[in-house]
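The values are calculated or read from the model by the stated rules, or taken from the named source; none is laboratory data. All figures in this text were calculated on a predicted structure; none of them were measured in a lab. Virtual Cβ from ideal backbone geometry, glycine too; neighbours counted across all protein chains shown.
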């Protein structure tokens, strides 16, 4: 399960043709700052969650071009540019919000600075990672919040590209999901995995000479025999009441859990809870799944549900599958620059940010200011911009400890939101952002 | 840019725990057929496009578990199951629709048969590939159709996971896109790539002692100097009319193309066309981009636009980022099986399909029938089910020639649709499907 060795070609062609033109006219060496940010949140969202930072830091040393890549590049690039890329190693600096931090429209989530040459070629990879991971983490955090302490399991691998699934499991975990179904996410990121069973396993036990109910019982017995009574039995293949009776018959009252994957989950959860209790399986948990999103999770809050399996809506960002992050040149040789076209304005200049809060910890305002010039008199506040890369080397952590820290940061971020910010209904960003011009 | 060597862990844990239970009770050897299909099309869609077949065939030999993977598996699987997976090699058969074929609700897009053990473990990978690639190709085909012969360019890499981007470029190309911005798609699949320039390149040429217009002219001159007059200049960084004037000043009337990436594209395209013609650049093409989808592409049909760059809506399936494909056990030891739960019914049994058409070639009906028993008297028709894998070996082509064939098949499929089927507005599937029960 080796990761692909090199990531250089995961890039839009124009990054490299721009590089060629800039190398030729000498502007490639100008000192630039690029900012990765979102002009707005997905429609109606109150906050977003920064995710992908750790993946970008891990990808940076892989952003290289080997001989095969250079052969391809030589088809459309001049020899000088190909030589530059053959030797490429990002040597610039990156600042940004820590992974797991909340963000709002205009938050300078990442600032990459160095020569134009080394900054421009990272654009596609950085945007791919952040637009994907942020979309998943932002949706996941709303689900976690709607789940109100009940554990959520990512079951979405099959609903997204096979490699995106691994990154999605990571993003969901950092946003507070308890586990994933994805085994590569366990190997690659140490994320806990869980699994139940599919309807196929029950149907596999169909016999010409036996009823469907008998087949289900045989399937449950086989599963318990192999995986122990702590397993989760899927009870809705044929009839839920019969399924529950078969489940307890197979595992006894110590059965770990049952899963319901179809039907009106609230009604079924109540019926199943009653039936389990009557059968003495009072500790058997109820897992529900089947097209859940943050709204249906919230709607099940009063029902006897113990955990949620979430698939499609998680890995597709629950209606916002790309986070809308952009990567814009904001400074050249110390001069703030900006595009003038009407509806895509972004403030120029290299920026940093801090967040103000009440003494209770509830956040009240985000302030984005020219780098190095924080406004006076805004205590209590917290600096959001931290160093991530210096001279091309990661200075922020990566790996398991960093992922755990990001997960804690999301949890405390959600805790810091004003009440309105946790509402699932459409509305404005949870706090206003003040931009202090350069 | 090596692909990851092994794909076995890109799998939901429960596939392997079901395997463990089935190996233990002997049911792992039962002969099974699994069907990959969509219960419905995304809301309002008239047809879908089969995509991912080639990627699945290429992934099959990689679906293995190496020592590192087996160490992880041993944490939750018994030794017999780990041994089985260490030696795993899919040895079954796969039939299905050729890649590029249209599909409708209930179309048996793929049928995988063999032992339960070897079929069940492929579920996650097969669904990941098809749910992603089909979503992209199905959206892309509508854009191609809306584009009415004008070329479309995939510029969506930055809006999706970095590896999903490569598969998305492939899916878009097979659906009829002319090119992609993604260099790895060129290396991996031979897809033509194109590139223009970003606003950053213009802004890079900002000088404290020169106007923005002068900076733009310097940027255009640098680009033309490096890439030739056939290049595409991005004219909307500051003012479009000035941008066009600068573009022709830099490249002369033989300039290849200009790109407009913001504003009301129809109005701007007309103004820019007039201005280019007045400047003698009558052959200079106009490329438009900026949040395009099939509806805005269609709305630009009457405007002087030469090609479209499409990003977010393409790689996110234009509102339907997962295709809704499922992978269901339909037959065990020759017995059709099906789940009984109310709203997820699927017809049991191993199936094949054919499509009827008028003598004009316009398709009229899809017929899904028990495998090996085609209905009599339904000429003219075309068999849709073809062999893809026999005894674990691909018998359908993969690689460049197969991708080109899939691209042709989409084009002829779109040509075969009844008029209603090409409407972008919400509606029913373009043709009805008749299911002949087992």
- Please indicate, with yes or no, whether at least one residue in region A:314-325 is in contact with a helix residue (DSSP H, G or I) (Cβ under 9 Å, 6 or more places away or on another chain), more than 14 Å from every other protein chain (Cβ to nearest Cβ) and at pLDDT 95 or above. no
- Among the residues of region B:253-274 satisfying the criterion of being out of contact with any helix residue (DSSP H, G or I) (no Cβ under 8 Å at 6 or more places or on another chain) and touching a residue at least 24 places away in the same chain (Cβ under 8 Å), which is nearest to the other protein chains (Cβ to nearest Cβ)? B:259
- Matching residues, region B:3-41, being more than 9 Å from chain A (Cβ to nearest Cβ) and crowded, with 19+ Cβ neighbours inside 10 Å: B:19, B:33, B:35, B:36, B:37, B:38, B:41
- Query: If you check B:51, B:43, B:7, which single one turns out to be under 27 Å from residue B:172 (Cα atoms), assigned to a loop (DSSP other than H, G, I, E, B), touching a residue at least 24 places away in the same chain (Cβ under 8 Å) and not assigned by TED's automatic domain parsing to the domain that holds residue B:77?
  - Reply: B:7
- Item | Among residues of region B:338-357, those that are at pLDDT 95 or above and either over 28 Å from the mean Cα position of the chain (by Cα) or at the interface with another protein chain (Cβ under 8 Å from one of its Cβ atoms) (or both), counted | 0
- Task: For region B:171-180, state whether one or more residues are within 11 Å of another protein chain (Cβ to nearest Cβ) and surrounded by fewer than 24 Cβ atoms within 10 Å (Cβ to Cβ).
- Result: yes
- In the set A:141, A:146, the lone residue that is in contact with a strand residue (DSSP E or B) (Cβ under 6 Å, 6 or more places away or on another chain), more than 14 Å from every other protein chain (Cβ to nearest Cβ), on the phi < 0 side of the Ramachandran plot and modelled with pLDDT of 95 or more is A:141
- Task: Would you check if there is a residue in region A:228-236 being surrounded by fewer than 21 Cβ atoms within 10 Å (Cβ to Cβ) and in contact (Cβ under 8 Å) with a residue 60 or more places away in the chain?
- Result: no
- Task: Residue by residue through region A:280-309, note down the ones that are within 13 Å of chain B (Cβ to nearest Cβ) and part of a strand (DSSP E or B).
- Result: A:287, A:289, A:309
- Message: When you check residue A:122 against the structure, is it buried (at least 24 other Cβ atoms within 10 Å of the Cβ), touching a strand residue (DSSP E or B) at 6+ places or on another chain (Cβ under 8 Å), more than 22 Å from residue B:188 (Cβ to Cβ) and within 14 Å of another protein chain (Cβ to nearest Cβ), yes or no?
- Response: no
- Item | Pairs with Cβ under 6 Å, 6+ apart, first in region B:198-226 and within 7 Å of chain A (Cβ to nearest Cβ) and under 18 Å from residue A:336 (Cβ atoms), second part of a helix (DSSP H, G or I) and at pLDDT 95 or above | B:201/A:18; B:201/B:219; B:204/A:27; B:204/A:116; B:205/B:215; B:205/B:218; B:205/B:219; B:206/B:215
- Message: Would you confirm whether or not region A:107-119 contains a residue that is part of a loop (DSSP other than H, G, I, E, B) and surrounded by fewer than 24 Cβ atoms within 10 Å (Cβ to Cβ)?
- Response: no
- Query: Is it the case that some residue within region B:152-160 is surrounded by fewer than 24 Cβ atoms within 10 Å (Cβ to Cβ), in contact with a strand residue (DSSP E or B) (Cβ under 8 Å, 6 or more places away or on another chain) and at the interface with another protein chain (Cβ under 9 Å from one of its Cβ atoms)?
  - Reply: no
- Message: Being closer than 13 Å to residue A:122 by Cβ and touching a strand residue (DSSP E or B) at 6+ places or on another chain (Cβ under 7 Å) is the filter here; which residues of region A:50-59 pass it?
- Response: A:57
- Which residue, of B:91, B:48, is more than 16 Å from the chain's Cα centre (by Cα) and under 24 Å from residue B:329 (Cβ atoms)? B:91
